[in-house]
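Enquirer: Can you read through this structure? Questions will come right after.
The values are calculated or read from the model by the stated rules, or taken from the named source; none is laboratory data. Bear in mind the structure is a predicted one, so any value in this text is a computation, not a measurement. Methodologically, a virtual Cβ is constructed for each residue, glycine included, from the backbone with ideal geometry; neighbour enumeration extends over all protein chains shown. For accessibility, only protein heavy atoms count, side chains too; no ligands or nucleic acids. Shrake-Rupley method; radii C 1.70, N 1.55, O 1.52, S 1.80 Å.
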Amino acid sequence: MKRFLKGVAEWKRHMCMVFTAAVCIYMAISWLYGERSVGMGILLQLLAVSAVSVLLQGIAFSEEWVIRNMAYTKRMMLFVAMFLPVLSLCAWAFDWFPADNLKSWGLFLLIFLVIFAVMTAGFEILFFVTGKKYGGLLGQYQKKHGQDEE
């Protein structure tokens, strides 16, 4: 039960971050198209999409949950393969843009891929910087304790 509650707390934390990012992205796109407000319906749609996306992230990226051993690149592809159809279905069902307009679908796909690429690059930079930081700390620890000779 404790593990379940910890998982729910983590899901809520991630959901808040994803929802905030989704609202910011929606506001930026709306601003480009001249919109000046965000309706309650859109906020509820973004909340639902955020909830599903965090669930799919848990499936794709959690080592402890569903998939135990899979390379990071395959996990990213799995997430895209699960999330893009869900997001596309939401775009169609919630009428985010004219469903019969191929240009809109192309722009939707382009925006999705750009955001995915930017987020992936951000995580890669974070992993690189964090790895360097902890690698340096480990080197200092080993040097201090005389373990660098091994």
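Enquirer: Along the charge dipole of the chain, which of 76, 146, 57 sits closest to the positive end, that is, farthest toward it, with unit charges on the beta carbon of Lys, Arg, Asp and Glu (+1, +1, -1, -1)?
Expert: Value computed over the given set: 146.
Enquirer: With the cut-off at 1.5 for a/c, could you classify the stretch 10-66 from its C-alpha gyration tensor as rounded, prolate or oblate?
Expert: Working: a/c = 3.28, a/b = 2.65, b/c = 1.24.
Prolate is the answer for the stretch 10-66, as a/c is 1.5 or above and a/b outweighs b/c.
Enquirer: Classify the stretch 44-87 as rounded, prolate or oblate, taking a ≥ b ≥ c as the square roots of the eigenvalues of its Cα gyration tensor: rounded when a/c is under 1.5, otherwise prolate if a/b is larger than b/c and oblate if not. Display every interim value, and only then the final one.
Expert: Numbers: a/c = 3.65, a/b = 1.79, b/c = 2.04.
The shape class here is oblate.
Enquirer: To continue, here is another question. To the nearest 20 Debye, how big is the dipole of the chain about its Cα centre, given +1 on the beta carbon of each Lys and Arg and -1 on that of each Asp and Glu?
Expert: Numbers: 14 positive and 10 negative charges, 80 e Å.
With Lys and Arg at +1 and Asp and Glu at -1, about 380 debye.
Enquirer: Please give the length that would be gained between residue 141 and residue 127 if that part of the chain were fully extended, namely 0.36 nm times their separation in residues minus their C-alpha to C-alpha distance (nm, one decimal).
Expert: Length gained, residue 141 through residue 127: 3.0 nm.
Enquirer: If you don't mind, another one. Report the full-extension gain for the segment residue 118 to residue 16: residue separation times 0.36 nm, less the Cα-Cα distance, to one decimal in nm. Intermediate values should be presented prior to the final figure.
Expert: Working: separation 102, 0.36 × 102 = 36.72 nm, distance 1.94 nm.
Taking residue 118 through residue 16 to full extension adds about 34.8 nm, to one decimal.
Enquirer: Quick one: helix 102-144 against the long Cα principal axis of the chain, what's the angle to the nearest 10°, folded into 0 to 90?
Expert: It is inclined by approximately 10 degrees.
Enquirer: Heads up, I need the accessible area for residue 16: 1.4 angstrom probe, whole protein in place, Å², nearest 10.
Expert: Residue 16 has an accessible surface of roughly 90 Å² with all protein chains in place.
Enquirer: Right, another one. Write down Rg/Rh for the chain, rounded to two decimals, with Rg from the C-alpha atoms and Rh from the Kirkwood relation over Cα pairs. Display every interim value, and only then the final one.
Expert: Details: Rg = 19.8 Å, Rh = 18.2 Å.
On the Cα set of the chain, Rg over Rh gives 1.09.
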